1. Quick one: net charge of LYS22's neighbours, Cβ under 13 Å, K/R +1, D/E -1?
2. Taking the simple approach of a point 7 Å from Cα along Cα-to-Cβ for both ASP26 and ALA40, what is their distance in nm?
3. Dividing the convex hull volume of the Cα atoms of the range 11-70 by its residue count, what figure in Å³ per residue is obtained?
Amino acid sequence: MPKIGNTKEILADSLCNLAETKPVNDITVLDIVSNCGLTAPTFYNHFRNKYDLIVWYYTRLWSSVLDKTGKEGYVWRDAVHDGLRM
């Protein structure tokens, strides 16, 4: 069984993979867990719904971008630019 942090990442990766071929509105929790080999109860141990997963994913992405600001000449403008390219 994956570690908790890894479980969230696995679910996010699954959603992203599915979103390449299917509109997010059409993706279900069952689609997400079936795609990555986890179960619906596991999903609901971590997230309320797929939108909660999406918020977690984008918050994590933006946090990693913003953490770079002020380090080694990485400025706010660069952070915003990198964030928008995601």
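Read-outs throughout are calculated quantities, based only on the coordinates presented, and are distinct from any laboratory measurement. The shown structure was predicted, so the numbers you read here are calculated from the model rather than taken from an experiment. Heads up, the Cβs are rebuilt from the backbone with ideal geometry, glycines too, and the neighbour counts pull from every protein chain shown.
1. Numbers: positive: LYS50; negative: GLU20, ASP26, ASP31.
Here the count lands on -2.
2. 2.1 nm
3. On the way: hull volume 5.0 nm³, N = 60.
Residue-normalised Cα hull volume stands at 84 Å³.
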